[in-house]
Structure formats: structure tokens, C-alpha cells
Amino acid sequence: MKRRTCGACRREYWVSWAEPQVSRTPPAGVAESSGATVTDLGVGIEAAPTRVGRRVVTERPPADFPIEDEVTDKRLPARPARQQVPEGQRPTRRASEKRLAPPSVPEAAQAGLQLGGLQLLARIGSGGMGTVWLARQISLDRNVAVKVLKPALGDDPAFVIQFNREALAAAQLVHHNIVQIYDIGFDRELHYFSMEYVDGEPLSALVKREGRLDPEVAAGYVLQAARGLKFAHDRQMIHRDVKPENLLLNRDGIIKVADLGLVKRVDRREEEQKPSSTLTDLDFVSGDVVMGTPAYMAPEQVLDSKKVDARADIYSLGCSLYELLTGRAPFEGESTGQVLAQHVSEPPVPPEQRNHRVPPALSALTLQMMAKKPEGRLPDMGAVIAALERFLGVESGVFSPREEHAALLERSVDAFNRSKWAFRQRLARVLFVSLALAVVGGALALGFSVFALWAALFIVTSSLTSALINGVVGRSALLLRLRHLALGAPLWTWAVSFALLGLFAGTLGWLGHLVSLVENLALAAAVGLVSVLALDRRVLQERRPQVAAVEEMLKGMRLRGLEEQTLRQFVCRYSGERWEAFYEALFGYDAKLQARARWGRDEKGEPRKRYGAWRDPLIRFIDARLEKRRQRREAQQLAEAAAPAKPPPLPSKRPARAR
């Protein structure tokens, strides 16, 4: 028996195990075994068990039963039986000796609640770790997914420290096939973290709606997931809960591996002695509890979840591929124990027997990924990627686009750059700036300095209004960063800004020019709005079909197993000299900067033409400020998590009154 303490209420309880009967002889037909075949897992298992047996939790240990203290790991003497005291002889408790009230439960998350700079919109799902919400990040004006941890987990300082460290490490996993973790925070006595919101659905929902998938489509999805997992494995991160529910398919046909990076880091030796932090849909419990989902759990993970390596993810990914091919999990049973026993001892039915359309080569690869012993599987995720690429006919690192693909891209880019409304837009801007500068220069030459000042202010205001509206509608990178920087500024910065603005308005009012300024600004804003409605909106409408055609082509190429970096290099190389505007419309500003650094030179080594290069130094300056602010916030969060919790105040003991 082991004595433990609940992390939420600090109540002690005792755990014992009813060991099952283990057959020493493997049943007939079993090709591989992990050394022992489980025949009876007990009847009391409701979640993933710590070991193959039945868990018995009691409020008090039986009398005269030796127990094992979990903290000191020493045998304690047998407890004597508790003596029964008659009701009338029980001592009474004075008012000053009342027990302390349990700590108050933190405020529960609810729709409309604002955590830091995030506003919760709608509940997406829930699990053992907490609740997942769709939220709005106010500073960047984008949708994000937010997981709010259970208050019981946030009350454990050891868990909070480990969770923060693992979350910060996982935030560095930036890959096309991994859900990006953005930020972690603590507000309203709730711990939470925000991550990329995937506009799509998990593969489990796709299988539930459509049944088994086409073998090549299923292999393409799993190939993308394997690339994301390999990126994590190369950085010492093991998932331990790979399943179709954690493989998200977005609108562009890209697979995103969710809940990755916070499960186990293999480069940390102390993990063998500490509970493992996880963002799976299981409860956070002691370190000897298996983390994962029974339907996709590797045999070695069933026996000891702390000693698994990256090959456990290969097994779980093979189970996911099996479900995509057949429409059902490889093992099914009436209880969790039966499913886990089948993972340990029983061979799966080959996928080609449940779906005759599955090629034998893909069926054999799936069974190899699901080998009982880790040594029987493919050695690493790189070998899985190579095998899937051979099946799909895609050679890693070598890509020769088809003629129709290259022709479609070239036509789309040419039509994008030759937009009639884009030409009219550029012509209107040149004429407006030229006329405005002529007016300002003529006014200065004639000595009308005040009129020249109002004309210059009119030019600037109308241009800023047009840029602001286009930035809001098109979600420009510069405007979003400026908004993030402004909303995250300290209060004293806002106070100084408003004070300077008030001083400027007061000075103009004292000089009698405040009304003229307001009229000038209103007229300039109206001109900027008309420019957006008459020109900029028509440019977007004319260019949208070209971008949509290339997006649909790239989606089909992803389903064939082509790697995302290869596709982006293809778009960059075959888009001609004026590639940046089209590339940014497809993938965004940040992706364009990465492509410019990798493939932004021609055959002679000269830089190709750049689009909107005036934004680059401003964005670099803002990014540097935001990065310093993020580092300070993370250091503060780790310091607060490591700080010892203050004990609750003791009740005051008043002296008894003399009668």
C-alpha cells in the first residue's frame, strides 16, 4: 500500500493493487510479445492504469496493515485498530479550535471572461487537464485556442513550474505540421496557455463522417503528421498521445499535430522522479500513471509510460493510419483493460483484410509500425517518412513539378501582377501625391505657410486613413504588430501619450485652429475611405480568383505527400521576378521573409525585386521590442511559479472571558 496526498484538498488516501493473473505461455497465433501475456486486467479500471492490475483507493488503511509511505519510501509500523469511543464521552471542540476552511476555488472560466489579453468566446472541448476555448487575442486581432488548466493542477507548485518550463520549450517548435503554442499566462487565479487555432476538423471527425479514407489520401495525411513528429523528436520531444483526434486538418489540406511538446522531454533525467506534465485529454496524476489513449497506446507504454522513447509515437501513428484505412481502431473491447491487453499480446488484423482497397505494401508498412516490440518497428520517424514517400511516389528532397502545375502558377502570377485595377490604383496614387506636393510647394512659394501646413496634413491623414482601413480589412503585418505593441504598453506610456495629445489640442484651441484641424482631418479621412472603396476593394476582388486557383492546386499536391517547404520553394521559384506580392497573398508576410532569405536570389546571385520593403525596418524594430517584452514576462512567470506559496492565516485565539 502507498500513502498519497491529494494535490487539491491535501487529504491523505491509500492506494493498493490487486495484481492480475498473468499467463506465462503466449496464446496461439501471437507473433510477438512483450514477455508476458495479460489475461485478466481486473474489473475496476475506468482510466488508463498505472500497471496491469486493479487500482483500489481507500480513505483509510485497514487495521494492522503495513503501508508504504510514498515520500520517505520506508516501511511504517502497523497501525493499531481505532478505539471506538462512546457518543457521550467524545470531547467537544471549542470555537477557537475549529479547523481552517478549505482554500477558495479559483474563478471558473466562462464565455466572455478575459484572461490577460484573451477574451473567451466559445467552449470547444474539455479533458482531464482542463477546458479548451475559442478566444480572441485582442492585441493581434486573431482567433486562438486557449486551454485553461483545472484549478486543482494550478494549486500544485511543482506542476506549475514544470508546466511553464515545458510550455516555453514547446513554444519553440515552429513547423508547418505542428500546432504553434503562442503564450502562457496566469490571470484571475487561472493558469492557461494560448495556441494556434486550426480552422478545420480532426481526422477522427473526418473518419466518423466519411468512413474509411482512400489509401493514398490516408497515407498523405499520416506523412504530414510524421514530418511534424520528426521535427519534435529531433528536439527531444515525445508526444505519447498520437491519435486521429490530435491530427487536425485545416482548410488548406495541411495536417497539424496538436498537443505536442508538453508530454515528455527525453533529455531531462529528473523526469524519472517527477510527475509528467501533459496536454493530452487525460488527468494529470502521479508519475506511475500511463499517459495516453488506450486505443492507440504502445505496449511498452502500457507497462511503463516513463520509459518510452520516440518509437512509441511510431506505434500510435501506425494505429492512427490503421483507423484511417479501415474506419475502425485496431483493437476494440468492452473495457479499457481488454483493449490494453490486446495491445500487449494480440496481433492486429491486417488492414487489407478489412479493406480490400488497401495495397499490400501499405498494409505491411502499417503492421510494421504497430510491431509489439520497439525493435521490430521502423527505427525512427525519418524511416517512416521515407517509407510513406516511397509508397506515394515522392522522393524526399527531389521535386520536379508537372507542366500543368507550372503553367497554372505562371498564369496566375501574371494575371495577379497585371491587374487593371492595380494599375489604376498605382496611377491614382502617383497623381494624388504629385498634385498634393505641387499645391504645398506653390503655397510655400507664395508665402501661404499655414495653407501649406494644412495641405501637408491633409495628405498624411488621407494616406494613413487608407492604410488603416486596408490594414484592418487585409490584416496587414505592420498594423497588427503596431496594435500588439500599443495594447501591451504600460499604463504610464498611455498616460503620457494622452497628456501630449491633450496639450496639442489645447494649444490649437488657444490659437483658434482646433475647428479647422477637425474639419481638415474629417475631409482627409473621407478621401481615404473613398479611395479604399473605389480602388483598393476592386483590386482585391480582381486578384482573389488567381490566389484561390493556386491554393486549390497546392492543396491537391499536399494530399499527394509533397512537403510544405518543397511547395513553397516551387511557388517562389516559378513566380518570376515579381514574386513577393503573390507569395505574400498566399502564405503571409512572415513566410515571405523566410522565402526571401532562402530563395530570394536569381541564378546570378543577385537579389530579386522586393515588394513593400519600406515596412521591413519598422517591423524588425517592433519585433525586437515585442521579443524583449515576452522574455521579461516569461522570466516573471517562472519566478512567480517558483516562489513558495504563502500559508493561509491562522485563526486568532481570543482569551476566554472571566465570569
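The values are calculated or read from the model by the stated rules, or taken from the named source; none is laboratory data. Quantities reported herein were computed from a predicted structural model and do not represent experimental measurements. No Cβ is skipped: glycine too gets one built from the backbone with ideal geometry, and neighbour counts run over all protein chains shown. Just so you know, the surface numbers come from the protein's heavy atoms only, side chains and all, with ligands and any DNA or RNA stripped out. Shrake-Rupley method; radii C 1.70, N 1.55, O 1.52, S 1.80 Å.
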- Query: To the nearest 0.05, how large is the calculated FRET efficiency for ASN143 and GLU375 if R₀ is 35 Å and r is the Cβ-Cβ distance?
  - Reply: 0.20
- Task: Assign one of three labels to segment 398-444, namely rounded, prolate or oblate, based on the Cα gyration tensor with a ≥ b ≥ c the square roots of its eigenvalues; rounded applies when a/c is under 1.5, prolate when it is not and a/b is larger than b/c, and oblate otherwise.
- Result: prolate
- Item | Under the Karplus curve 6.51 cos²θ - 1.76 cosθ + 1.60, θ = phi - 60°, whole-Hz ³J(HN,Hα) for segment 555-570, x wherever Gly or Pro sits | 4, x, 5, 5, 5, 7, x, 6, 6, 5, 5, 5, 5, 5, 5, 4
- How much length is gained if the chain between ASP187 and GLU606 is pulled fully straight, taking 0.36 nm per residue apart and subtracting their Cα-Cα distance, in nm to one decimal? 145.8 nm
- Mean shadow area of segment 556-605, taken as a quarter of the surface of its Cα convex hull (nm²): 3.6 nm²
- Across 10 Å bins beginning at 0, the whole-percent shares of Cα-Cα pair distances in segment 322-452 come to 9, 19, 16, 11, 10, 10, 9, 8, 6, 1
- Message: For a quick size check, give me the Cα extents of segment 371-525 along its three principal axes, largest first, whole Å.
- Response: 86, 46, 22
- Are there GluC sites (Glu not before Pro) in segment 352-415 that DSSP puts in a loop and that have at most 15 other Cβ atoms within 10 Å, and which ones? GLU395
- Compactness summary of segment 146-217: radius of gyration and Dmax from Cα atoms, Å, are 16.5, 48
- Mean 1/r over distinct Cα pairs of segment 444-497, inverted to a Kirkwood Rh in Å, yields 13.7 Å
- Task: Quick one: of LYS230/LYS592; LYS230/LYS555; LYS307/LYS592; LYS147/LYS628, which pairs are farther than 32 Å apart, Cα to Cα?
- Result: LYS307/LYS592
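Over the alpha-carbon set of segment 112-264, divide Rg by the Kirkwood Rh and report the Rg/Rh ratio to two decimals.
Taking Rh as the inverse mean 1/r over Cα pairs, Rg/Rh reads 0.97.
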- What is the spin-label model distance, in nm, from GLN541 to ARG615 if the labels are put 7 Å beyond Cα along the C-beta direction? 2.3 nm
- Message: Given the whole protein assembly as supplied and a 1.4 Å probe, what does the accessible area of ILE238 come to in Å², nearest 10?
- Response: 10 Å²
- Note on the structure: The answer for the per residue Cα convex hull volume of segment 466-585, in Å³, is 149 Å³
- Item | Per residue, in Å², the accessible surface of segment 583-634 once ligands and nucleic acids are set aside, probe 1.4 Å | 68 Å²
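Got a number for carbon plus sulfur as a percent of segment 364-461's accessible area, 1.4 Å probe?
Values: 3690 of 5750 Å².
The computed percentage sits at 64.
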- Message: At 7 Å along Cα-to-Cβ for each site, give me the label-to-label distance between LEU485 and ALA122 in nm.
- Response: 3.5 nm
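How compact is segment 521-579 by the rule of thumb for globular proteins, expressed as Cα Rg over 2.2 N^0.38 Å?
Expressed relative to 2.2 N^0.38 Å, the Cα Rg reads 1.72.
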- Task: Provide the FRET efficiency to the nearest 0.05 for the ARG209-PHE504 pair, computing r from the beta carbons and using R0 = 56 Å.
- Result: 0.40
